[in-house]
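Right, one structure below, let's go through it.
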Amino acid sequence: MNKPIFVLNGPNLNLLGQREPAIYGMTTLSDIHESCVEKAKALGFKVEFRQTNFEGELVESVHQARTDACGIIINPAGYSFTSIALLDALKTFDPPKIELHISNVHARENIYHNSLVSRVANAILIGFGARGYELAIQAMADMVNQAADGSRQAAGRR
Ligand code: CA2
């Protein structure tokens, strides 16, 4: 697979491992980046890993993914619950989309319960801690490979 998996991270996730370890653990975003690259490599995939604190930058990464990515894994952080702009951008991306949250958002306050992004995600990974990213890479590789097998079979029948 030539195109990378885009792993997009929203606001404040640059602080992982530095604050609130009881909720988010001790792993830093740079550790997570490294483990995503390794996991993807073992499965024959590449990763484009990004973090931004700005909504428009997240939207622009999704636009870029339309031509440059085989799938998106996104932890939209606080924008999960507020950003119609991000929801609209994700609707334009047809390949697999996985929404990921480190913490179990449903065990937290009500403001964390209604993710807009969940409406367009093909799958959601919640509450596995930093390990969720590796699980998401594995799941994304399976989804992308399945889609490619399906296209090859359809082409063979023509
Ligand atoms: O659990 C997750 O991955 C979240 O997406 C994290 C978001 C929160 O708004 C979501 O509900 C769930 C918050 C990210 C804040 O990250 C911090 C990391 C370390 C210290 C403080 C904040």
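List of remarks:
- Residues located in segment 116-129, provided they are open to solvent by less than 20 Å² (accessible area, probe 1.4 Å) and over 18 Å from Gly10 (Cβ atoms): none
- Residue within segment 42-53 that is within 12 Å of the ligand (Cβ to nearest atom) and assigned to a loop (DSSP other than H, G, I, E, B) present: yes
- Residue match in segment 105-115 (condition: of a type in the set (Val, Ile, Thr) and open to solvent by 60 Å² or more (accessible area, probe 1.4 Å)): yes
Matching residues to (1) in contact with a strand residue (DSSP E or B) (Cβ under 9 Å, 6 or more places away or on another chain); (2) closer than 22 Å to Ser30 by Cβ; (3) at pLDDT below 95; (4) in a loop (DSSP other than H, G, I, E, B):
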| residue | (1), (2), (3), (4) |
| --- | --- |
| Val62 | yes, no, no, no |
| Tyr79 | no, yes, no, no |
| Pro95 | yes, no, no, yes |
| Ile124 | yes, no, no, no |
| Glu134 | no, yes, no, no |
| Val144 | yes, no, no, no |
| Gly150 | no, no, yes, no |
| Ala155 | no, no, yes, no |
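- Within segment 43-57, not a single residue is free of Cβ contacts under 8 Å to residues at least 60 places away in the same chain and over 28 Å from Ala85 (Cα atoms).
- Residue within segment 130-142 that is within 14 Å of the chain's Cα centre (by Cα), free of Cβ contacts under 8 Å to residues at least 12 places away in the same chain and open to solvent by 70 Å² or more (accessible area, probe 1.4 Å) present: yes
- Contact annotation: residue pairs with Cβ atoms under 6 Å, 6 or more positions apart or on different chains, pairing a residue in segment 1-29 that is part of a loop (DSSP other than H, G, I, E, B) with a partner that is within 12 Å of the ligand (Cβ to nearest atom) and open to solvent by 70 Å² or more (accessible area, probe 1.4 Å), are Gly17/Met26.
- Enumeration of residues in segment 12-37 that are open to solvent by less than 70 Å² (accessible area, probe 1.4 Å), over 15 Å from the mean Cα position of the chain (by Cα) and more than 10 Å from the ligand (Cβ to nearest atom): Thr27
The values are calculated or read from the model by the stated rules, or taken from the named source; none is laboratory data. None of the values given here were measured: they were computed from a predicted structure. Backbone-built Cβ (ideal geometry, glycine too); neighbour counts: all protein chains shown. Accessible surface areas use protein heavy atoms only, side chains included; no ligands, DNA or RNA. Shrake-Rupley method; radii C 1.70, N 1.55, O 1.52, S 1.80 Å.
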